[in-house]
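Worksheet: the structure to be examined is printed underneath.
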Amino acid sequence: MKTTRTSLWSVAPGDRPREKLERLGPAGLSDSELVALVLGSGLPGVNVLDSATSLLSQAGGVAELMGMTVHELKALMGVGVATAGRVVAVAELWRRANDPGAGAVLEHSHDIVDAVRAFLMARASAAGGRVTTVVVVADSELRVRVVVPIASGEGEGIRPLVARVLHEVLYRGGAAFALAEVRPELPTDDAPLYAVRDVLKLASATVGLRFLSTVVVTPDDWCAVE
């Protein structure tokens, strides 16, 4: 990692992240300065600002950094479990604070739909002619913990999708979950959805998770795959 400063002592006191935060507020700090505050200290021989800049560069930006798992962060140069844990903890707190569906109880299929629509509205998201897969993660009392979009490869099989869904639920500390497909209109062929549902039922039971339901959500309608 290339750096020109080995210590923040070479930075003017008023330009150091903590002092700037107190003086200007968080909006007055750059991405690197905010990440530096999360890190707390830099890598051996590298100051915290340069460490933060390197971390952002390796991740590809703030959004990418905040979406990474502990294992993905540890794969970056110079990142250990402590640094990865701090970044993931901050990202998770932000998600919980900004997820309008968090805490809602999933008693019926329409509760799942409400959680998904709240998630989409908060992010001004829409299907836009594409199919978007979303997993609603809940605790053992069926309270929503978080709603997470699931990336899916074009034309991929069922098992890779199921593996990603289960990974997200376990990673988020969930005990139960529901799957939703956001579409511009309701499907005319339900067979693929039933196939995914059946594999999810079997796979979730194998790893000790409770699978609640699969729903399809459109801008004006919804249906449960039951």
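Return M121, M77 ranked ascending by Cβ neighbour count within 10 Å, so the fewest neighbours appear first.
The order, fewest Cβ neighbours first, is M77, M121.
Please report the relative contact order for region 109-224, taking Cα pairs under 8 Å with a sequence separation of at least 6, and give it as a percent rounded to a whole number.
Relative contact order here is 29 percent.
Over region 8-98, what relative contact order in percent results from Cα pairs under 8 Å that are six or more residues apart?
It comes to 19 percent, rounded to a whole number.
For the chain, what number results from the quotient of the Cα radius of gyration and 2.2 N^0.38 Å?
In units of the 2.2 N^0.38 Å rule of thumb, it is 1.20.
Taking a ≥ b ≥ c as the square roots of the Cα gyration tensor eigenvalues, with a/c under 1.5 meaning rounded and otherwise prolate when a/b beats b/c, else oblate, which class fits region 8-98?
oblate
Between S57, S213, S32, which gets the highest mean-square fluctuation from a Gaussian network model of the chain, Cα cutoff 10 Å?
S57
Compute the distribution of all C-alpha to C-alpha distances in region 109-224, in bins of 10 Å from 0, and list the percent of pairs in each, rounded to whole numbers.
Spelled out per bin, shortest first, that is 14, 51, 32, 3.
Bear in mind that the values in this text are calculations on the coordinates, not laboratory data. What you see is a predicted model; the values in this text were computed from it and never measured. No Cβ is skipped: glycine too gets one built from the backbone with ideal geometry, and neighbour counts run over all protein chains shown.
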